[in-house]
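Beneath this line is the structure, given in structure tokens, with notes to follow.
The values are calculated or read from the model by the stated rules, or taken from the named source; none is laboratory data. Because the structure is predicted, anything quoted here is derived from the model rather than measured. Neighbour counts run over all protein chains shown; Cβ positions are idealised from the backbone, glycine included.
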Amino acid sequence: MLSLGKNDVSVSDHTVLLSIHDVSPIYENHIIKTCDRLQDLGITSYSLLTTPFYKLKTSNKFEKKGFFSEYLQSLGLEITMHGYSHQTKSGSNAEFSKMPSDRMRLRLKQGLALIRNAFSETPVGFIPPLWIAPNGLTKIAKEAGFAYCAIGDIVHNLRDGTKHDTSYNIISQGLDFTTYTNATLETELGGPLQIGIHPLDILNNQLLDFLADLKDRLGYNFLSYSDYLFPS
């Protein structure tokens, strides 16, 4: 069992902080189908982790008043900033893993401008790709105006300084297969989770079937980051 500090909070058991990662025009059809599938499962609260300049391709920028941008807004879900390009110079997906502070500040500033232009709103939170970043990102995210930031298994509430711990993170990265062996014990015990759906997961349904099992057999509740941290 983790030893919690005075500002640490353990996320409630049987809670999944759920998100769709890599929300980008390149995955438009897959994301629409994923949202439809989640609706069928009765899962209505989750975060849309939006990458404003995915893989640094102009075609992956969101268009203001474009069909996909308006579709995402029509869902009434939280739009979260998810990196800037989701890519390092070497091609790794862990965009922020070794990024210096000045570069992180610039990426957040540029990404915020793109999202505000496309959606006419400011994302509440920032989550780096793969949940990987230096701990200094939390200070930079707060300076940029974000209300929360998730790194690893900790969700930082930047409004009150609390840190919310989850037991396990699951992200498939859109692979043809995903194993949950390491998370099996936690799920059977009802431990709190962060789960990231990749747009390509809709092609094989394995992760979505896993979500259905968590909900129907194990009694998990699904929440977006904002709905968990700042319930209305």
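Side notes on the structure shown:
- Residue, surrounded by the fewest Cβ atoms within 10 Å (Cβ to Cβ), within region 31-69, restricted to residues that are touching a strand residue (DSSP E or B) at 6+ places or on another chain (Cβ under 6 Å) and among the small types (G, A, S): S45
- Hits in region 201-216 (condition: in contact with a Ser or Thr (Cβ under 9 Å, 6 or more places away or on another chain) and surrounded by fewer than 17 Cβ atoms within 10 Å (Cβ to Cβ)): N204, Q206, D213
- Pairs where the first residue, in region 36-59, is among the aliphatic types (A, V, I, L, M) and the second is in a loop (DSSP other than H, G, I, E, B), C-beta under 8 Å, 6+ apart: L38/T44; L38/Y46; L48/L75; L48/L77; L49/H82; L49/I127; L56/S85; L56/Q87
- Check on K98, part of a loop (DSSP other than H, G, I, E, B) and either over 18 Å from the mean Cα position of the chain (by Cα) or under 20 Å from A141 (Cα atoms) (or both): yes
- Hey, Y148 among the aromatic types (F, W, Y), buried (at least 17 other Cβ atoms within 10 Å of the Cβ), within 29 Å of I26 (Cβ to Cβ) and modelled with pLDDT under 95 or not: no
- The number of residues in region 94-111 that are surrounded by fewer than 16 Cβ atoms within 10 Å (Cβ to Cβ) and in contact (Cβ under 8 Å) with a residue 40 or more places away in the chain comes to 1.
- The set of residues in region 196-219 that are more than 15 Å from S19 (Cβ to Cβ) and of a type in the set (G, A, S) comprises A212, G219.
- Only a single item in (1) exposed (fewer than 14 other Cβ atoms within 10 Å of the Cβ); (2) modelled with pLDDT of 95 or more; (3) assigned to a loop (DSSP other than H, G, I, E, B) is not met by G91, and it is number (2).
- In the set T122, T80, only one residue is modelled with pLDDT of 95 or more, surrounded by 14 or more Cβ atoms within 10 Å (Cβ to Cβ), in contact with a helix residue (DSSP H, G or I) (Cβ under 8 Å, 6 or more places away or on another chain) and not in a helix (DSSP H, G or I); that residue is T80.
- Qualifying residue in region 54-67 (condition: of a type outside the set (S, T, N, Q), out of contact with any Phe, Trp or Tyr (no Cβ under 8 Å at 6 or more places or on another chain), on the phi > 0 side of the Ramachandran plot and part of a loop (DSSP other than H, G, I, E, B)): yes
- Residue within region 70-77 that is surrounded by 15 or more Cβ atoms within 10 Å (Cβ to Cβ) and assigned to a helix (DSSP H, G or I) present: yes
- In the set T138, T122, T162, only one residue is touching a residue at least 60 places away in the same chain (Cβ under 8 Å) and over 22 Å from H198 (Cβ atoms); that residue is T162.
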